[in-house]
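See structure below.
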Amino acid sequence: MPEVVLRPATEADAADMLALYAPYVLQTTVSSEYEPPVLEVFVGRMRAYTAHLPWLVCMVDGVVAGYGYAAPHRTRAAYQWSVETSIYVSPDWHRHGIAGAIYAALFELLAMQGYYNIYVGITSPNERSMKFHKAMGFIISGAYQESMYKFGQWRDVLWMGKSLRPHEGAPQPTVPFPEIKDSPLVQRALRQAVQRVHPD
């Protein structure tokens, strides 16, 4: 039975994560980038985001099989309780529950931090991604019509959202992820989420 581990990503994982991400840039419309970032830029993104938000990596027998992270939805103050999420899984590990495990963990961790909303942008058409996100509790929030140009075509971006908690009263400041990363609650959430992975 393969060993599956879900944990916070470190800069030591960056090269392998970038290698997994690059084909999404070059071959698909999942990413809105035209060229994969160089490693230095990718690490810079990790440093900037992980100062406040979780980046998670799923390892199977010591190899990066997928990763996912949260990023700010908007930078102005009133949006600080909302995030966007992205998940990338190696083609060798599609349909093994890795994306669902990463999402399950992100839901728990972001709720612990005090976030209220998660959003994801899906380049249309992508029926598989829409179906997956609906299964994970996302609902359609709207669309940016013909907002992205890639591979010689204008494309719509569908937005889906998920609430992490009731929207009652004034929110409290969010807690930076590094402050809770090593807590027993976070470790338990990661262990529970990884049980969704079926590697065989």
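The values are calculated or read from the model by the stated rules, or taken from the named source; none is laboratory data. Computed from a predicted model, the values in this text were never measured in an experiment. Note that each Cβ is placed from the backbone with ideal geometry, even for glycine, and that neighbours are counted across all protein chains shown.
Kindly provide the set of residues from region 75-101 that are in contact with a strand residue (DSSP E or B) (Cβ under 9 Å, 6 or more places away or on another chain), surrounded by fewer than 21 Cβ atoms within 10 Å (Cβ to Cβ) and within 17 Å of SER163 (Cβ to Cβ), ordered by number.
Residues satisfying the conditions are TYR79, GLN80, TRP81, SER82, GLU84.
Name, by its number, the condition in (1) in a loop (DSSP other than H, G, I, E, B); (2) over 23 Å from GLY121 (Cα atoms); (3) not aliphatic (A, V, I, L, M) that does not hold for GLU40.
(1)
Output the residues belonging to region 169-200 that are within 30 Å of PRO91 (Cβ to Cβ), among the charged types (D, E, K, R) and not in a loop (DSSP other than H, G, I, E, B).
Scanning region 169-200 gives a single hit, ARG191.
Quick grid of which residues meet (1) in contact with a helix residue (DSSP H, G or I) (Cβ under 8 Å, 6 or more places away or on another chain); (2) touching a residue at least 40 places away in the same chain (Cβ under 8 Å); (3) under 29 Å from ASP156 (Cα atoms):
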site	(1), (2), (3)
PHE42	yes, no, yes
ALA48	no, no, yes
TRP55	yes, yes, yes
MET59	no, yes, no
VAL64	yes, yes, no
SER86	no, no, yes
HIS94	no, no, yes
GLY97	no, yes, yes
PHE107	no, yes, yes
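Kindly check whether there is at least one residue in region 145-152 that is out of contact with any Cys (no Cβ under 9 Å at 6 or more places or on another chain), modelled with pLDDT of 95 or more and buried (at least 19 other Cβ atoms within 10 Å of the Cβ).
No, that holds for no residue.
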